[in-house]
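**Q** So that we are looking at the same thing, I have put the structure below in structure tokens.
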Amino acid sequence: MSDEEKSDSLRSKDISSTGVEPEAKSVSGKKLRDFFAERPLPAIEVAPDILRYQSRRDFLLFGAGALAALAGARFLLPQQTLGRIGIRRNMDSPAKEWFLNKALRIDDDVAEALYSANRMVPTYTKSQITPLKNNYNGATPDPGYISRWTLTLDGLASGLSISLDIQNLLTRFSMHEQITRLVCVEGWSAIAWWAGLKFDDVFRAYPPMAQAKWARVESSVNLDVSGNPDPYFMSLDLATARHPQTLLATHLNGEPLTVDHGAPLRLLVPVKLGLKNVKAITRITYVAEEPRDYWAERGYSRYDGI
């Protein structure tokens, strides 16, 4: 076989094994490398007068933005913070307070507008239950109060003040169970199995005065961190109080509530953050105007919907 025939034979073997002629394979690889290769940036020419105009405009916009940020900081930041950065003039004013309160209420207003008695929070199975920690604001009360405990209802249509003990409540009202998530404003949550009376059942049995729109829910057994009396109170709109998943809970995970979790009766409002879920309730008062709220008076939101 001549050298030319040998060359043709080897070339045929390459084509039969790969299906592509060696030259074609090389060209294909070169095209792929060219596709991913870095390309030089195109030169962009701008007329000097346009460049000067744009530079001036950008400088003015930056300066205006910096001045607006400084003015906003002077208006919004606390006086103590302003003092630390050298601004000694007192910038506190009714207008500042009004603006900050409005800003704080934005989330509340949206949550209140979206509220629906037909919107239920998710429910879970018993296999999904997680530990629920004791999250009393202060010290956990001594259980000695339980034997003397009563729930007082005020602001009723009858004009009377009603006191009920735990046996009155358990005997008169049906029990309801649900497994829902309790969400804390601190960022943690827990799934728990609750049982108790529907707030709406108590509402119907002891209706409030006609003009009532709010309930003030309070606990007189709450303590501060030093163990001193620190009554806890919060505002609850009646629409949320009557939500199908709002309970006056008496049991947790199949057992009567312990003192850690608000024995003998606590409010459970799954559509609200945990700070609305008052432990060891001692009084519910129906009122026409939004009442005081423990955490709102300390700078937190009022509505606290989730």
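**Q** Residue by residue through region 275-293, note down the ones that are closer than 18 Å to residue 208 by Cα and open to solvent by 10 Å² or more (accessible area, probe 1.4 Å).
**A** Residues of region 275-293 closer than 18 Å to residue 208 by Cα: 281-291.
Passing the criteria: 282, 283, 285, 287, 288, 289, 290, 291.
**Q** Of the residues 144, 196, 138, 159, which single one is out of contact with any Asp or Glu (no Cβ under 8 Å at 6 or more places or on another chain), in a loop (DSSP other than H, G, I, E, B) and of a type in the set (Gly, Ala, Ser)?
**A** Values: 144 fails: in a loop (DSSP other than H, G, I, E, B); 196 fails: in a loop (DSSP other than H, G, I, E, B); 138 fails: out of contact with any Asp or Glu (no Cβ under 8 Å at 6 or more places or on another chain).
Just one listed residue meets the conditions, 159.
**Q** Please name all residue pairs, on different chains or six or more residues apart, with Cβ atoms under 6 Å, provided the first residue is in region 252-267 and is farther than 14 Å from residue 131 by Cα and the second residue is outside any strand (DSSP E or B) and among the charged types (D, E, K, R).
**A** Within 6 Å, the pairs are 262/279; 266/279.
Condition check ((1) buried (at least 16 other Cβ atoms within 10 Å of the Cβ); (2) modelled with pLDDT under 95) across all residues:
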position: 135; (1), (2): yes, yes
position: 165; (1), (2): no, no
position: 169; (1), (2): yes, no
position: 172; (1), (2): no, no
position: 193; (1), (2): yes, no
position: 203; (1), (2): yes, no
position: 207; (1), (2): no, no
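**Q** Give, as residue ranges, the strands (runs of 3 or more DSSP E) completely inside region 208-293 that count at least 1 residues that are more than 24 Å from residue 158 (Cβ to Cβ) and aliphatic (A, V, I, L, M).
**A** On the way: elements: 214-219, 232-237, 247-252, 266-268, 283-287.
Once the strands (runs of 3 or more DSSP E) in region 208-293 are filtered for at least 1 residues that are more than 24 Å from residue 158 (Cβ to Cβ) and aliphatic (A, V, I, L, M), what remains is 232-237, 247-252, 266-268.
**Q** Something else: Within region 209-223, can you find the residues that are over 25 Å from the mean Cα position of the chain (by Cα) and open to solvent by 20 Å² or more (accessible area, probe 1.4 Å)? Reasoning before the result, please.
**A** Quick first cut of region 209-223, residues over 25 Å from the mean Cα position of the chain (by Cα) only: 209-212, 220-221, 223.
Of everything in region 209-223, those that are over 25 Å from the mean Cα position of the chain (by Cα) and open to solvent by 20 Å² or more (accessible area, probe 1.4 Å) turn out to be 209, 210, 211, 220, 221, 223.
**Q** Taking residue 300, is it in a loop (DSSP other than H, G, I, E, B) and under 24 Å from residue 142 (Cα atoms)? Even if it seems obvious, please write down each step before you answer.
**A** Numbers: in a loop (DSSP other than H, G, I, E, B): yes; under 24 Å from residue 142 (Cα atoms): no.
When the stated conditions are applied, residue 300 does not pass them.
**Q** List every residue pair whose Cβ atoms lie under 8 Å apart, where the two residues are 6 or more positions apart in sequence or sit on different chains, the first residue falls within region 139-150 and is of a type in the set (D, E, K, R), and the second residue, located anywhere, is open to solvent by less than 80 Å² (accessible area, probe 1.4 Å) and in a helix (DSSP H, G or I).
**A** 142/259
**Q** May I ask you to list the residues in region 151-175 that are at negative phi and touching a residue at least 60 places away in the same chain (Cβ under 8 Å)?
**A** Passing the criteria: 151, 152, 153, 154, 156, 166, 169, 170, 175.
**Q** Can you name every residue in region 105-133 that is under 19 Å from residue 274 (Cβ atoms), at pLDDT 90 or above and touching a Phe, Trp or Tyr at 6+ places or on another chain (Cβ under 9 Å)?
**A** Correct list: 124, 129, 133.
**Q** Can you find, within region 137-163, the residue that is least open to solvent (accessible area, probe 1.4 Å) among those that are out of contact with any Lys or Arg (no Cβ under 9 Å at 6 or more places or on another chain) and within 15 Å of residue 203 (Cβ to Cβ)?
**A** Among those residues, the one meeting the criterion is 156.
**Q** Given the residues 240, 258, 246, which is the only one that is out of contact with any His (no Cβ under 9 Å at 6 or more places or on another chain), under 14 Å from residue 194 (Cα atoms) and open to solvent by less than 20 Å² (accessible area, probe 1.4 Å)?
**A** Going through 240, 258, 246 in turn, just one is out of contact with any His (no Cβ under 9 Å at 6 or more places or on another chain), under 14 Å from residue 194 (Cα atoms) and open to solvent by less than 20 Å² (accessible area, probe 1.4 Å): 246.
**Q** Which of (1) more than 22 Å from residue 123 (Cα to Cα); (2) open to solvent by 30 Å² or more (accessible area, probe 1.4 Å); (3) not acidic (Asp, Glu) does residue 296 not meet, given it meets every other one?
**A** (2)
The values are calculated or read from the model by the stated rules, or taken from the named source; none is laboratory data. Nothing here was measured: the structure is a model prediction, and the numbers come from that model. Backbone-built Cβ (ideal geometry, glycine too); neighbour counts: all protein chains shown. Heavy atoms of the whole protein, side chains included, go into the accessibility calculation; ligands, DNA and RNA do not. Shrake-Rupley method; radii C 1.70, N 1.55, O 1.52, S 1.80 Å.
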